[in-house]
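Notes to accompany the following structure.
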Amino acid sequence: MSIRHGLLALLSSGPRYGYQLRVEFEASTGATWPLNIGQVYTTLSRMERDGLVTPGGDDEQGRAVYEITDAGRRELTEWYATPVGQADRPRDELVIKVAMAVAAQDVDVAAVILAQRMATMRTLQELTRAKRAGSEGAAQRLVIDSMIFKAEAEQRWLDHCEAVLKEKSA
């Protein structure tokens, strides 16, 4: 997730101060991607340097607020319009781990897969509980649904890994 673009999206609806951006970012994502307040201020500083935001003075409590600039709005519009490609996502550590375990001579690949399956199942159960508790808005529900779908896909991929390994050993 691009923190930069997430903050721009929040600023597009009006000026905000750093802590407010952090809280609203976490609320929008169902608290699934917590932000360190230092990340927020570092990102704001870079966006100010790049002309995407500008300090908008202080609010009534003396907190520095930021406003999105026209350049920031253009970048946000472009971000929304540009699909996220597979190559734009970070490498999948699980895929690398399983591939390295398979290539290694002394690793119990089945144990690696089982450990991951159990962890993924726990995550899936937690996400399902969170969804059932569901007082979230549409944005939070969509984030949780996405995470559930990814966990389910991971379980299917682990099934596939086991099937391929059994096929190769037969």
Against the condition of a type in the set (A, V, I, L, M, F, W, C) and surrounded by 14 or more Cβ atoms within 10 Å (Cβ to Cβ), how does MET100 come out, does it pass? no
State which residue is modelled with the lowest pLDDT when the search covers only region 11-59 and only residues that are within 16 Å of ARG74 (Cα to Cα) and buried (at least 20 other Cβ atoms within 10 Å of the Cβ). LEU11
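If you go through region 133-160 one residue at a time, how many are surrounded by 13 or more Cβ atoms within 10 Å (Cβ to Cβ) and in a helix (DSSP H, G or I)? Give the steps one after another, and end with the answer.
Restricting attention to region 133-160, the residues satisfying the condition of being surrounded by 13 or more Cβ atoms within 10 Å (Cβ to Cβ) are 136, 140-148, 150-152, 154-155, 157-158.
Add one more test, that the residue is in a helix (DSSP H, G or I), and what stays is 140-148, 150-152, 154-155, 157-158.
The number of residues fulfilling the criteria is 16.
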Can you tell which of GLN105, GLN39, GLN61, GLN20 is outside the structural domain of GLN155 (by TED's automatic domain parsing) and within 30 Å of GLU154 (Cβ to Cβ)? GLN39
Name, by its number, the condition in (1) closer than 26 Å to PHE25 by Cβ; (2) over 21 Å from the mean Cα position of the chain (by Cα); (3) of a type in the set (A, V, I, L, M) that does not hold for VAL143. (2)
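The values are calculated or read from the model by the stated rules, or taken from the named source; none is laboratory data. Since we're looking at a predicted model, the values are computed, not measured. Cβ coordinates were reconstructed from backbone atoms using ideal geometry, including for glycine residues, and neighbour counts include every protein chain displayed.
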